[in-house]
Amino acid sequence: MTDPAFQTAAAQLRQAGLRVTAARVAILETVRTGDHLGVEAVAGGVRKRVGHVSLQAVYEALHALTAAGLVRRIEPAGGPARFEGRVGDNHHHLVCRRCGAVSDVDCVVGRAPCLRPSDTAGYVVDEAEVTFWGLCPDCRDRLVDDLSDTALSDTAAAVSPGAPSTARGSE
């Protein structure tokens, strides 16, 4: 029996005018079940589903799926392209400066574009891409732990008799 998810993905590929192949269905499903995946991660997920697929085939299929509006490509500054299955809505992204994790965040306004430029220079603006940068909860917690460990070490050294001084120029 054919998997209903395959039928849905296959129907969406057909509706977009794309050829239906096992690899394309697997790529679409992998992106949709993943979390802002890079090309290598997509290829790995596809290989688990259908066996061998070349990286070039994954790149080509992702390009076609993006052009058809079935997946969205995001490119956080300084990082590789990522792909997501959340399309057709107005959402933005949070990117961790430390580990590169990406999370979706809904637009406060709700409709595109959520921002208006001070001067459109004659353009008809229909979309604004917003990327928020910061530290994800895991990296924030690790940073706090690292700072706490450093502060505790410095405090212990300062109150321990006979401990070597960490102050510079106090010889």
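The values are calculated or read from the model by the stated rules, or taken from the named source; none is laboratory data. Treat the numbers as computed from the prediction; the structure is a model and nothing was measured. Cβ sites come from the backbone with ideal geometry, for glycine too, and all protein chains shown count toward neighbours.
Here are a few things to note about the model shown:
- Restricting Asp106, Asp126, Asp119 to those that are within 30 Å of Asp141 (Cβ to Cβ) and outside the structural domain of Ala9 (by TED's automatic domain parsing) reduces the list to Asp106.
- Residues in segment 127-147 that are among the aliphatic types (A, V, I, L, M) and within 22 Å of Gly79 (Cα to Cα) were compared, and the one that is modelled with the highest pLDDT is Leu135.
- Matching strands (runs of 3 or more DSSP E) fully within segment 1-97 where at least 3 residues are at pLDDT 95 or above and of a type outside the set (A, V, I, L, M): 82-84
- Among all residues of segment 47-57, there is none that is surrounded by 15 or more Cβ atoms within 10 Å (Cβ to Cβ), among the charged types (D, E, K, R) and within 13 Å of the chain's Cα centre (by Cα).
- Residue check: Phe132 meets all listed conditions (1) under 25 Å from Ala16 (Cβ atoms); (2) in contact (Cβ under 8 Å) with a residue 24 or more places away in the chain; (3) aromatic (Phe, Trp, Tyr) but one, namely (1).
- Hits in segment 69-118 (condition: within 23 Å of Leu13 (Cβ to Cβ) and touching a helix residue (DSSP H, G or I) at 6+ places or on another chain (Cβ under 8 Å)): Leu70, Val71, Arg72, Arg73, Ala81, Phe83, Glu84, Gly85
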